[in-house]
Structure formats: C-alpha cells, structure tokens
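Below: the structure, in structure tokens.
The values are calculated or read from the model by the stated rules, or taken from the named source; none is laboratory data. The shown structure was predicted, so the numbers you read here are calculated from the model rather than taken from an experiment. Here Cβ is always computed from backbone atoms with ideal geometry, including for glycine, and neighbour counts include all displayed protein chains. SASA here: full protein model, heavy atoms, side chains in, ligands and nucleic acids out. Shrake-Rupley method; radii C 1.70, N 1.55, O 1.52, S 1.80 Å.
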Amino acid sequence: MYLVSACLAGINCRYNGGNSKNLSVSKLVKEGKALPVCPEVLGGLKTPRSSCEIIIDESKNKRVISKDGRDFSKEFIVGAEKTLEIAQIIGAEVAILQSRSPSCGYGLIYDGNFSGELIKGNGLTADLLIKNDIIVYSDTLATSF
C-alpha cells in the first residue's frame, strides 16, 4: 500500500483550495493501492490557508512560517506525526508526495523567502517518513508506479 499526498489524488486540500492531481497517483488510489492523506489538514489547518515555507532558525531547527509571518510549525509537526501513524497502520513502505511543499516536499523545497526559489531539502512530513524507513518519492516520478 502506498501513502500519497491527498492533493495528488485530486482532493482540494492545497493551501490555495485547489489540488495537484496526478493521473498516476489518482489511478493508484482508485485501484485501492494507495491511501491519500494531507498532513497539513491532519495538523488542524483549514483549506484554504496562508502559504507557508520552511526557514531554519538560529538553533538549526526547521520552522514553518506563513507569508504573513505566523509560525505554523506546531500544526505541521502534528500533521507529520499523524501521517506517520497512518503510514504505519496501513503498512506503507512507500510514499508519493507533492514536490516543493513544506510538508511533503522531497529533495527540493522553497527557500523560506517566498521568492519562488528552490533549495535542497525536505518538508517536515517527508523527513519524518524517511527517518522511519519509509521510501519517499516526489510526485515528479509518479508516472512510473
């Protein structure tokens, strides 16, 4: 069983109220081979919501800050933990996640300045899944599943 970002399955849960439907991921969900989750919604955030990016603070910790300066780190951490719990319950060994997201981004995330620039890094959920031996792929590779 795969765990997938809900927005990739066509669920309108992105910060802007839309989705990032990926036909390959949507097909996996329809076939019962994948479970869609949205860590940000699981963390208690509503849709739509302020866009957020990761910054690294003075202590080298990741914090998730909205464009208007509010700290949503707690909600993102709770969402990551709930996502991991679901992944473990369903026995997911692989997750296909939305690229660039402060939750789900894998390999590249936005730089924290809301400039549209990308830097190497992972979102909070992607990091937690990886630390718990779940293989993570970005949606950009999802055509091969």
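If I ask for residues that are in contact with a strand residue (DSSP E or B) (Cβ under 8 Å, 6 or more places away or on another chain) and not β-branched (V, I, T), which ones from segment 23-38 would you list?
Matches in segment 23-38: L28, K33, A34, L35, P36, C38.
Can you pull out every residue in segment 66-119 that is over 20 Å from V41 (Cα atoms) and β-branched (V, I, T)?
Correct list: V94, I119.
Return the only residue of I86, I65, I109, I55 being of a type in the set (A, V, I, L, M, F, W, C) and touching a residue at least 60 places away in the same chain (Cβ under 8 Å).
I86
May I ask you to say which residue of R49, R63 is more than 15 Å from L129 (Cβ to Cβ) and open to solvent by 60 Å² or more (accessible area, probe 1.4 Å)? Quick ask: steps written out before the conclusion?
Working: R49 fails: open to solvent by 60 Å² or more (accessible area, probe 1.4 Å).
The match here is R63.
This table checks each residue for (1) at pLDDT 95 or above; (2) within 18 Å of P36 (Cα to Cα); (3) surrounded by 17 or more Cβ atoms within 10 Å (Cβ to Cβ).
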residue	(1), (2), (3)
I86	yes, yes, no
E93	yes, yes, no
E117	yes, no, no
N122	yes, no, yes
A126	yes, yes, yes
I134	yes, yes, yes
D139	no, yes, yes
F145	no, yes, no
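Is it true that K27 is open to solvent by 60 Å² or more (accessible area, probe 1.4 Å), more than 18 Å from T140 (Cα to Cα) and over 14 Å from the mean Cα position of the chain (by Cα)?
So K27 does not fit the description; no.
Quick check on segment 130-137. Is at least one of its residues farther than 22 Å from G17 by Cβ and over 16 Å from the mean Cα position of the chain (by Cα)? Please lay out each step first, then the result.
Restricting attention to segment 130-137, the residues satisfying the condition of being farther than 22 Å from G17 by Cβ are 130-137.
Imposing the further condition that a residue be over 16 Å from the mean Cα position of the chain (by Cα) reduces the set to 133.
Scanning segment 130-137, I find at least one residue that is farther than 22 Å from G17 by Cβ and over 16 Å from the mean Cα position of the chain (by Cα), so the answer is yes.
For K82, state whether it is open to solvent by 60 Å² or more (accessible area, probe 1.4 Å), out of contact with any helix residue (DSSP H, G or I) (no Cβ under 7 Å at 6 or more places or on another chain) and either more than 13 Å from P102 (Cβ to Cβ) or not hydroxyl-bearing (S, T, Y) (or both).
no
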